[in-house]
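Right, I'll just put the structure down here and ask away after.
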Amino acid sequence: MDWIAIASGFGVGAVVGLTGVGGGSLMTPLLIGAFKLNPAVAIGTDLWFAAITKSGGALAHQRHGHVEPRITALLLAGSVPAAATTIAWMHWAHASKHDLAALTWSLGVALLLTAVTVAYRKAWHSVGLRLERWLPPARKRWVTVLCGVALGVLVSLSSVGAGAIGATLILLLYPRLPAQRLVGTDIAHAVPLTLVAGIGHASLGHVDWSLLGALLVGSLPGIWLGAQLTRAMPERLVRALLCVSLVGAGLKVMG
């Protein structure tokens, strides 16, 4: 099973390297379907997987000046308290059927939302430009915090959303942000959020540490290979295959 986990980590890492998204949205259904993990344990394991694999990228973007500290701080002001509150609720509802049902439903919704954000990624930019007239700077700050709250709840319940959905929300609110800064800010926000949510899930016993180690062994070379293949494979084809996988996984989880 360790070799299967390494191969799975390699495959997911390659998709992340190719597209920049798809880590949690592919890993969590894989952990549930292929490794037969309890949904809560799959989510907790994936949160640690995301926090560790994205930390290197966050440091690299920070060194290159690709992180907007103000936007990151506003998102974290909403997402971290929301994640802590969600984990506290999970402690209160621990081991109940209602708790597992909420996690499974949230995962399915998050997967479908991620598919939509990936499929229409270019369209969100024009939508964001139209929204600018309705969002003066003062209002935009509060909306950014509220988006952080939504991400904190969604990521804590499903482990999905910190990447593709987070980047889409940033693009909608800050459509004039350069692409490198958008990606860097999204990753810089995702690392603390997934770490806080991961610690919360670990306190609930929702992490398979040995499986996590095997997944990481495969993911690191997978991400490198995927990044090298970005020039060889058409982006539209990769994103189309990713969207089909996300929709299929989301419907299966919810069904």
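The values are calculated or read from the model by the stated rules, or taken from the named source; none is laboratory data. What you see is a predicted model, and the numbers here were worked out from it, not measured in a lab. With ideal geometry, Cβ positions are generated from the backbone for all residues, glycine too; neighbour counts draw on all protein chains shown.
Got at least one residue in region 66-78 being out of contact with any Leu (no Cβ under 6 Å at 6 or more places or on another chain), at pLDDT 85 or above and basic (Lys, Arg)?
Yes - at least one qualifying residue is present in region 66-78.
I'd like to verify a number: residues in region 169-219 that are among the aromatic types (Phe, Trp, Tyr) and either at pLDDT below 90 or part of a helix (DSSP H, G or I) (or both), how many?
Just the residues of region 169-219 that are among the aromatic types (Phe, Trp, Tyr), to begin with: 174, 209.
Now narrow it down to the ones that are either at pLDDT below 90 or part of a helix (DSSP H, G or I) (or both): 209.
Selection size over region 169-219: 1.
Which one of the conditions (1) farther than 30 Å from residue 131 by Cβ; (2) modelled with pLDDT of 70 or more does residue 233 fail to meet, given that it meets all the rest?
(2)
State whether one or more residues within region 242-251 are modelled with pLDDT of 85 or more, assigned to a helix (DSSP H, G or I) and not acidic (Asp, Glu). Steps first, please.
Kept after step one, since they are modelled with pLDDT of 85 or more, are these residues of region 242-251: none.
Looking through region 242-251, none of the residues is modelled with pLDDT of 85 or more, assigned to a helix (DSSP H, G or I) and not acidic (Asp, Glu).
Pick out the one residue from 14, 5, 60 that is crowded, with 20+ Cβ neighbours inside 10 Å, assigned to a helix (DSSP H, G or I) and modelled with pLDDT under 90.
On the way: 5 fails: modelled with pLDDT under 90; 60 fails: crowded, with 20+ Cβ neighbours inside 10 Å.
Testing whether each residue is crowded, with 20+ Cβ neighbours inside 10 Å, assigned to a helix (DSSP H, G or I) and modelled with pLDDT under 90 leaves just 14.
Against the definition (surrounded by fewer than 20 Cβ atoms within 10 Å (Cβ to Cβ) and within 16 Å of residue 38 (Cα to Cα)), how does residue 210 come out, yes or no? Walk me through it before giving the result.
On the way: surrounded by fewer than 20 Cβ atoms within 10 Å (Cβ to Cβ): yes; within 16 Å of residue 38 (Cα to Cα): yes.
It is true that residue 210 is surrounded by fewer than 20 Cβ atoms within 10 Å (Cβ to Cβ) and within 16 Å of residue 38 (Cα to Cα).
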